[in-house]
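Let me begin by presenting the structure, written as C-alpha cells, before commenting on it.
Every number here is computed from the coordinates shown, using simple stated rules; none is lab data. Keep in mind the model is a prediction, meaning the values are calculated, not measured.
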C-alpha cells in the first residue's frame, strides 16, 4: 500500500488502478512521521465521482476520489481547504490566481514565470491545498496539478489571492471581502455536513481578513503580468 | 411561512450568506448573499412568520415607511419562494 505526504499530512492509500499511484509518485513518503489516516478508494467512491464528471475513465475518477478524501481529512483535522487556483511562488511568497476554468489563470501565472524567470516557480497550477497554521496561511503543492502538469512538492506562505477576469485593458484593485467570499466558496469543495461547513466558513473568514485580496482584469501580455506582480508584491522590478 | 431545514444563514467577515447543508444540498448548490435587512427577515423566518409579522418586526427595527416595508417584504418573500427555500 503506497504511503504519501501531501500538505504535510501522511496517509496510506488503498487504490484500485495504477494511474493514481503514478500521479502521486512525487509525494511518496517513507519517513517516520505518523500515518494520519488510511484513504481507501472503493468502486462506490468512483461511481460517486462519475455522477459529477461522467466523461472520464474510472482510473482518473479514482484520483479525484482520493483527492476528495484528502480534502475531507484536511478540513476536519488540519485547517485545510482545496482552493481551485494557479499558485505561484516568488521570493518565498505565494500568490494564488483564481477564476472559473477557462478564464486564464494558468496563462497569467505563465506570464509571471516569463517575467520573473528563475525567481518564480509553480506551487500548483490547479488544485493546491491551503492550510492555516500558527497564525498564517500556507499553500501546498499537490499531485492534482492541472493540464500542464505543474506542481512542486513544497509549502509556501501565502501573500495574496487574486481573482482574474478577462479584459481589454489591464487593471487591478483591492477586492472586497464580499466579492472574495463568493469567489472562494465557488472555488473550493463545499461539505454537506453542517459542522464541516462551519469549519470551512471560519477558515475562509480568517483568510479574508489575513490575506491580501485583489481583483485583476487582464489581457495576455507582459504588461498584465508586470501590473499584477508590481501591485501585489510591492516590488518595482 | 418558514425556512426549510438545511438552509443556514452565516455571517462571514461581515457578510451575510445562506448555504445548504445535509439533504438540502441536493436541491440547492449555490450561495445566497443577504444584506443586513435580509438577514433580519431571514432570522424571523427561521422561527416561522407571516408577511404581516415580518412587516411589524421591520417597522419596529428600521426607520422605514409601511409602504416600502410591504413592498420590500413582498419582493424578499417572492425571491425565497422562487428559490424553494421556504415552506
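Take every Cα-Cα pair in segment A:81-233 and report what % of them are more than 29 Å apart. So the portion of pairs separated by more than 29 Å is 10 percent.
Helix content alone sets the calculated 222 nm mean residue ellipticity of chain A: runs of n ≥ 4 DSSP H residues at -39500 (n - 2.57) each, divided across all residues, give -11500 deg cm²/dmol. Considering every alpha-carbon pair of segment A:86-137, the percent of pairs per 10 Å bin, from zero through the bin containing the longest distance, is 25, 51, 22, 2.
Whole-Å semi-axes of chain B's equivalent ellipsoid, largest first, each the root of 5 times a Cα gyration tensor eigenvalue? Working shown, then result.
Working: eigenvalues 103, 40, 22 Å².
Ellipsoid semi-axes (Å, largest first): 23, 14, 10.
A Gaussian network model of chain A, with springs between Cα atoms under 10 Å, assigns the largest mean-square fluctuation among A:105, A:159, A:14 to A:14. For chain B, the longest principal axis of the Cα atoms and the long axis of helix B:66-82 meet at an angle of about 20 degrees. Against chain A, whose longest principal axis is taken from its Cα atoms, helix A:43-52 shows a tilt of about 30°.
The tail of the calculated P(r) for the protein assembly as shown, taken as Cα-Cα distances beyond 30 Å, holds 43 percent of the pairs.
For chain A, the longest principal axis of the Cα atoms and the long axis of helix A:222-233 meet at an angle of about 80 degrees.
Equivalent-ellipsoid semi-axes for segment A:1-53 (Cα gyration tensor, √(5λ), whole Å, largest first): 22, 12, 10. What shape does segment A:159-210 have by the C-alpha gyration tensor, where a ≥ b ≥ c are the square roots of the eigenvalues, rounded means a/c under 1.5, and otherwise prolate means a/b greater than b/c and oblate the rest? It comes out prolate by the Cα gyration axes. The spacing between segment B:24-87 and segment A:79-110, judged by their C-alpha centroids, is 37 Å.
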